[in-house]
Amino acid sequence: MEDKREDKNLNEAEGRVVEAEKKKLALKAVNPMIFLVVIIALCAIASYIVPAGTYDRVLDAASGREIVDPASFHYIARTPVTLFGLLMSVTQGLQNAAYVIFFLMIIGGTFAVLDATGAMNAGMANVVKATRGKELLMIPICMIVFGCGSAFCGNFEEFLAFVPLVLACCLTMGFDSLTAVGIIFCAAGAGYGGAITNAFTIGVAQSIAGLPMFSGIELRVVLFITLETVSILYVMWHASRVKKNPKSSSVYEYDMAHAHEHVIDIDNIPKMTLRQKLVLIIFVLGIIFTVHGVIVNGYYIDELSAVFLAIGILAGIVGGLRPGEICDSFEKGFGNMLFPCIMIGLANAAIVILQDANIMDTIVHALASTLNNLHASMMACGMFVVQDIFNVLVPSGSGQAAITMPIMAPLADMLGVTRQTAVLAFQMGDAFTNVLAPTGGEILAALAMCKTPYGKWVKYLLPLFVMWWIVAFIFLIYATKIGFGPF
């Protein structure tokens, strides 16, 4: 009896500690929405300070896109954003990002249905149990898969669907939420930097520059392997350190406050039922069909949304859920994705303000002008830096290519740098700030799912970010020396 009383008192004490930690974190943590509100406000202020300017747009026959005429920049009358325009930018940003937002809601609904069947938890629990003692092996395997998805298919926001799964596995294995986000988005950053056959970045940029589609692939394969290796080693180093001493993690308190929502009890794992096994088979086949569709048929958001919707409906039926339960699960999943979706909409609101104020082209012109007097090697590195900075303002790879490549390609001709090197600078510049800057929205959405502060992520990522830049400089200098071509 005395032992039971002691256990009860101990549990009550632990409960009080957890509640105290939650209250402390509630006071310390800054809502990540604040970051985007500040950025939107700064963009509105900039509309009164930065001169308005524009490039003329022309239709590029090779890519079928409207691109800028690099010789046409001129200043125009200021069009600063009014207070009413500032408020309207929020709903306009949400509308501009609607295709991503509804895609994420469908993904959230699908995973809620999968969760309701019990198949995902049972499957993850058995995977975690099977890798007990070899947990670090999960990191390179997952990162290679995610990295290849970005390098070959241009996947990025689609990976948000896997955040809850990877987070649950990482916390159960003794890692932290930073490791979970790193496994997915450090791999995606490396994949976009390598961009082997990424049609959204390398494909659009090479068509605008007049280069053969996917030419120069040999060097990009080496670049991807280098970036991916550096990223895997970094994430594994951090995970190993946290595994040995969980309190060394900067997000230890945050993870502990929410661990009960994600950690899998691997000591009490029931056997998987036939229905649960069939649900997992449906999920795996759906992912395989998705990958095939992206590579072979060029599937994008609409097609992928349809695939995930089908996965959710079939999984619910096979998993034994009643129609009402399937609908309830979808509704719950939509709600779970609401905050990440709002973050993406707010990120787009900042871009709306820059475009409405006509200062986006002015910023591009100013950045490009800084490169005119540089040596060829430094010019290539400068192109990369300019692209990486501009990527904060225009996270879309194809959108950034349409704005900057018509300027960078002729600039490269004038300064003795091959157009292929200019494209190489673009593809890496489009990649790295995607996982650092909040304006893309996806990284804040992933952090929101993990309840991880943005500042902690920045501190975690910076050493790897510096290593990425060093790799970029090495490859760009090498590309300049060999005249990376065909031209």
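The values are calculated or read from the model by the stated rules, or taken from the named source; none is laboratory data. None of these values were measured; they are calculated from a predicted model. Glycine also receives a Cβ, built like all others from the backbone with ideal geometry; neighbour counts cover every protein chain displayed. Note: accessible area is taken over every heavy atom of the protein model, side chains too, but ligands, DNA and RNA are not part of it. Shrake-Rupley method; radii C 1.70, N 1.55, O 1.52, S 1.80 Å.
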Based on what the data block shows, is E218 acidic (D, E) and surrounded by fewer than 24 Cβ atoms within 10 Å (Cβ to Cβ)? yes
Regarding the range 113-120, can at least one residue be identified that is within 30 Å of W237 (Cβ to Cβ), modelled with pLDDT under 90 and of a type in the set (A, V, I, L, M, F, W, C)? yes
Wholly enclosed helices (runs of 4 or more DSSP H) of the range 273-339 bearing at least 3 residues modelled with pLDDT of 85 or more and under 13 Å from M120 (Cβ atoms): 274-297, 301-318
So how many residues does the range 39-68 have that are in contact (Cβ under 8 Å) with a residue 60 or more places away in the chain, open to solvent by less than 70 Å² (accessible area, probe 1.4 Å) and either of a type outside the set (S, T, N, Q) or touching a strand residue (DSSP E or B) at 6+ places or on another chain (Cβ under 8 Å) (or both)? 14
Taking into account only those residues within the range 69-99 that are of a type in the set (G, A, S) and not in a helix (DSSP H, G or I), which is surrounded by the most Cβ atoms within 10 Å (Cβ to Cβ)? A97
Yes or no: M213 surrounded by fewer than 15 Cβ atoms within 10 Å (Cβ to Cβ), among the hydrophobic types (A, V, I, L, M, F, W, C) and either touching a helix residue (DSSP H, G or I) at 6+ places or on another chain (Cβ under 8 Å) or modelled with pLDDT of 95 or more (or both)? yes
Is it true that L436 is over 28 Å from N373 (Cα atoms), under 21 Å from the mean Cα position of the chain (by Cα) and open to solvent by 10 Å² or more (accessible area, probe 1.4 Å)? yes
Out of curiosity, is A472 crowded, with 24+ Cβ neighbours inside 10 Å and either acidic (D, E) or farther than 26 Å from V221 by Cα (or both)? no
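Here's a check for you: in the range 386-402, which residue that is hydrophobic (A, V, I, L, M, F, W, C) and surrounded by fewer than 20 Cβ atoms within 10 Å (Cβ to Cβ) is modelled with the highest pLDDT?
Taking the candidates together, the pick is I389.
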Could you check the range 250-272 and list, in sequence order, the residues that are open to solvent by 90 Å² or more (accessible area, probe 1.4 Å), part of a helix (DSSP H, G or I) and modelled with pLDDT under 85? H260, E261
Does G293 meet the test of being touching a Lys or Arg at 6+ places or on another chain (Cβ under 6 Å) and surrounded by fewer than 18 Cβ atoms within 10 Å (Cβ to Cβ)? no
Looking only at the range 368-380, how many residues end up being in a helix (DSSP H, G or I) and crowded, with 21+ Cβ neighbours inside 10 Å? 2
Would you point out which residue out of G333, G298 is at positive phi and touching a residue at least 12 places away in the same chain (Cβ under 8 Å)? G298
Tell me, please, whether a residue that is buried (at least 17 other Cβ atoms within 10 Å of the Cβ), in contact with a helix residue (DSSP H, G or I) (Cβ under 8 Å, 6 or more places away or on another chain) and hydroxyl-bearing (S, T, Y) can be found in the range 360-367. no
Residue check, T197 of a type in the set (S, T, N, Q), within 30 Å of A402 (Cα to Cα) and in a helix (DSSP H, G or I): no
Note down all Cβ pairs under 7 Å where the first residue falls in the range 380-406 and is within 19 Å of Q355 (Cβ to Cβ), the second is crowded, with 22+ Cβ neighbours inside 10 Å and among the acidic types (D, E), and they're at least six residues apart or on different chains. Q387/D430; N391/D430; G397/D430; Q400/D430
Is it true that A180 is modelled with pLDDT of 85 or more, within 21 Å of S248 (Cα to Cα), crowded, with 24+ Cβ neighbours inside 10 Å and in contact with a helix residue (DSSP H, G or I) (Cβ under 9 Å, 6 or more places away or on another chain)? yes
Search the range 116-143 for residues that are open to solvent by 70 Å² or more (accessible area, probe 1.4 Å) and pair each with any residue that is among the polar types (S, T, N, Q) and not in a helix (DSSP H, G or I) when their beta-carbon atoms are under 8 Å apart and the residues are at least 6 apart or on different chains. L137/T131
Do the conditions hold for A112, that is, is it closer than 30 Å to I342 by Cα, open to solvent by 20 Å² or more (accessible area, probe 1.4 Å) and under 23 Å from the mean Cα position of the chain (by Cα)? no
Condition first: open to solvent by 20 Å² or more (accessible area, probe 1.4 Å), part of a helix (DSSP H, G or I) and polar (S, T, N, Q). Now tell me which residues in the range 229-248 satisfy that. T229, S240, S248
I'm told F185 meets every condition in (1) out of contact with any Leu (no Cβ under 8 Å at 6 or more places or on another chain); (2) open to solvent by 10 Å² or more (accessible area, probe 1.4 Å); (3) part of a helix (DSSP H, G or I) except one. Can you identify the failing condition by its number? (2)
